[in-house]
Structures are given as C-alpha cells and as structure tokens.
Amino acid sequence: MLHTNNPIIKHKAGLLNLAEELGNVSSACQVMGVSRDTFYRYQQRVEEGGIDSRIDKSRRTANSKNRVDEPTAHAVVTSAIEQPAVGRHRSSNELRKRGVFIAGSGVRSVWLRHTLEHFKKRLKALEEEIAKEGIILSDAQIAALEKQDDEACGEIDTAHPGDLGHLKGVGRLYPQTFVDTYSKIAFAALYTTKTPITAADLLFDEVLPFFEKHALPMLRSLTDRGTEYCGHVEHHDDR
C-alpha cells in the first residue's frame, strides 16, 4: 500500500492502491478512468524509484528574484504570530495600515516559506514564541489559543487522512463518514479496505434508509474525491 500527502501524485498512488486491493488492473483502470498503459508506466516508475519518483522533476522551481524583500517578509511573519486567526486577505489589509504593501497571494507565499500557511501552524509558531520570549499575549492571541482548545475536543490525529492506522489481528482501518450539513446528523463506520464497495455500503445500509424513514430525500452529496469516489458510474463495483 502506497501512502503520500503530495497532491501532485496522490491520484497516481490511489490508482496503484486500488489495483492492489481489487487484484485486477483492468477494473482499477476502468474505475479511475485511465488506460492500462498509464497504469504500467506508473507502476514501473514506482518500482524503479519509489512513490516520490512520480513527481515531475521538470516542474519549474520558484524564482527567488520574485520574492518580497526581507523587511516585508519579516512584517508578514510577525503579523501572523500577532494575529494567528486572521486570513491572508485580512492580514494584507492590516499590513497596509502599517505601511507594508503586499497582496493576499504574497502573504500566503511568505506563510508557505515559513510553514505558517495553516491556522494550527501559526498557533504552533505563537506557542514557540511564548516559550522562547515569554511575551505578553494580546486579546487576539488569547482568543486564538482558546479557539484551538475548543476545536481539539473530539478530534483524532492520524498520520494519513482517512487512515486510522493498523489494528493487530484486524489490519489497517479506514473510516467512512457522512455528515448532513442541514440537520448536523453524522454517520461513521470502519472498514478494512478503501474501495467503492465500502463507500456504497455506508450510504445504502445506513444513510439512505435513515432519511427514507423520515421521508427526507437526499438531493445531492459532496465527496472528498478519494479513490473510492472516482471513476465512471457505469463501471462502479456496486452496480
């Protein structure tokens, strides 16, 4: 089983994993909508250099000459720590009030280079600053830290999204979750495989019967575009 968090090659790893789970290359290619030649090309590259070899090495690298100057970058990083809950566009607006002119996209670029692109990462930087400098927190920083404590309740941290790890005697566990955004009702189930069948199992055995019982038809659904939701309808395993 191949695992990667790189969005560039995630779908390629999903194709190889699906073929392994189904035990059939043709079925996996039909579900994912690719040719067998493409599958074997991916497989050969992985065998020769590992999953990271699927990253296109010819992709252009960033031009450092296009980066903002150091004083501006320092102001962006400082602002991110002072107001970790503020998004890039609001951060850009706040910086303009201080005489620092940088667009929202530029703010995000600086955040990416300093590992501050997510709210939790900015909070982590704030906590490190508190431990290092012993700074006095502002109201915005205290509110952000309290918000983190509220959001942490009931969460499960895993190494890979959609993967709860390995359970001895059972194998690897994969969760399937359904949330109704209107009623806030949620369904969840654990499976030992991550295939179209498991996704359909939760939907047809739990979700649809529940809403049909209450005379509430489901009009549409939104997925995370995982491997179990990709492919062609006419080739779905549950048909």
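The values are calculated or read from the model by the stated rules, or taken from the named source; none is laboratory data. The shown structure was predicted, so the numbers you read here are calculated from the model rather than taken from an experiment. With ideal geometry, Cβ positions are generated from the backbone for all residues, glycine too; neighbour counts draw on all protein chains shown.
Taken over segment 153-193, the criterion of being surrounded by 10 or more Cβ atoms within 10 Å (Cβ to Cβ), charged (D, E, K, R) and either in a strand (DSSP E or B) or modelled with pLDDT under 80 (or both) is satisfied by Asp163, Arg172.
It is to be established whether one or more residues within segment 105-119 are in contact (Cβ under 8 Å) with a residue 60 or more places away in the chain, part of a loop (DSSP other than H, G, I, E, B) and over 21 Å from Asp69 (Cα atoms). The answer is no; no qualifying residue exists.
If you go through segment 129-140 and pick out every residue that is at pLDDT below 85 and of a type outside the set (A, V, I, L, M, F, W, C), you end up with 2.
For segment 194-215, the set of residues classified as at pLDDT 85 or above, in a loop (DSSP other than H, G, I, E, B) and surrounded by 12 or more Cβ atoms within 10 Å (Cβ to Cβ) is empty. For Thr78, state whether it is surrounded by 11 or more Cβ atoms within 10 Å (Cβ to Cβ), of a type in the set (Val, Ile, Thr), out of contact with any strand residue (DSSP E or B) (no Cβ under 9 Å at 6 or more places or on another chain) and at pLDDT 85 or above. Taking the combined requirement at face value, the residue satisfies it.
Close Cβ contacts (under 7 Å, 6 or more residues apart or on different chains) running from residues in segment 128-150 that are under 22 Å from Thr115 (Cβ atoms) to residues that are among the hydroxyl-bearing types (Ser, Thr, Tyr) and at pLDDT below 80 are absent.
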